[in-house]
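The values are calculated or read from the model by the stated rules, or taken from the named source; none is laboratory data. Note that this is a predicted model, so its numbers are computed, not measured. Every residue, glycine among them, receives a Cβ derived from its backbone with ideal geometry; neighbour counts consider all protein chains shown.
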Amino acid sequence: MAPIERTERGSGRDLGPSRIELTRGDITREPVDAIVNAANSSLMGGGGVDGAIHRAGGRAILDECRRIVDAQGPLPAGEAVITSGGLLPARRVIHTVGPRWRGGGHGEAATLASCYRKSLALAAREGLSSVAFPSISTGAYGFPVDEASVVALEAVAGALRAGSPVRLVRFVLFSDADLDVYRRALDALAG
Ligand code: ADP
């Protein structure tokens, strides 16, 4: 296993030319090419990280989301779309809809993995090289963070190992407890 570098902000791991970083903080302040929003299917904002992103990003993001839903209908779980970053330091926002936890036997892990994969694929298509993710589905949607962290890191590592042009994926965790859980999952990541 590659050595894990510890920094004040968190920890990280290199995967070929790309890097996964973990940090604690507010994702709305991340100066990356794109931050990912844990949205709901309506794309009309909500609580948690979704509310924070729309509050900080301003009206333009919501207007773009409305146009997307008008054109293609509500966004299904596991899918991703992209808007501008409005007033955020990030240039773009990728909106993805995580699965609601229903006990684990309803494909929740596969849907969650799809959120990460499709968000990174969209970033790649748009020529973006740094992406920050929150811990999708582990707030209001109730996905246990232990299991979600493994799904998230395996999905991202899989995409990077498969040659994604994205060079930095930063997980921005909202609590020290979540950061610890993701750290353990990153330490345990195979290869
Ligand atoms: P979901 O509905 O997908 O569960 P939530 O927004 O309820 O989404 O929660 C997802 C995670 O995002 C939770 O761990 C929550 O604490 C965290 N979160 C909330 N606000 C922020 C923020 N500003 N930056 C980063 N993470 C946040």
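Okay, here's what the table says:
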| read-out | value |
| --- | --- |
| Counted residues, the range 136-169 - those being crowded, with 22+ Cβ neighbours inside 10 Å and under 14 Å from ARG102 (Cα atoms) | 4 |
| Count of residues meeting criterion [outside any loop (DSSP other than H, G, I, E, B) and either at pLDDT below 95 or of a type in the set (Gly, Ala, Ser) (or both)] in the range 118-157 | 11 |
| In the range 158-191, the residues that are part of a loop (DSSP other than H, G, I, E, B), within 26 Å of GLY48 (Cβ to Cβ) and among the small types (Gly, Ala, Ser) | SER175 |
| Residues that are touching a helix residue (DSSP H, G or I) at 6+ places or on another chain (Cβ under 6 Å), among the hydroxyl-bearing types (Ser, Thr, Tyr) and within 14 Å of the ligand (Cβ to nearest atom), drawn from the range 142-191 | SER149, TYR182 |
| Unique match (being over 12 Å from the mean Cα position of the chain (by Cα) and on the phi < 0 side of the Ramachandran plot) among SER149, SER164, SER135 | SER164 |
| Search result, residues across the range 25-41 that are buried (at least 17 other Cβ atoms within 10 Å of the Cβ) and either among the aromatic types (Phe, Trp, Tyr) or within 9 Å of the ligand (Cβ to nearest atom) (or both) | ILE27, THR28, GLU30, ILE35, ASN37, ALA38, ALA39, ASN40 |
| The range 84-104 residues that are within 15 Å of VAL172 (Cα to Cα), paired with ones that are of a type in the set (Asp, Glu) and near the ligand (Cβ under 9 Å from one of its atoms) (beta carbon under 8 Å, 6 or more apart) | PRO89/GLU30; ALA90/GLU30 |
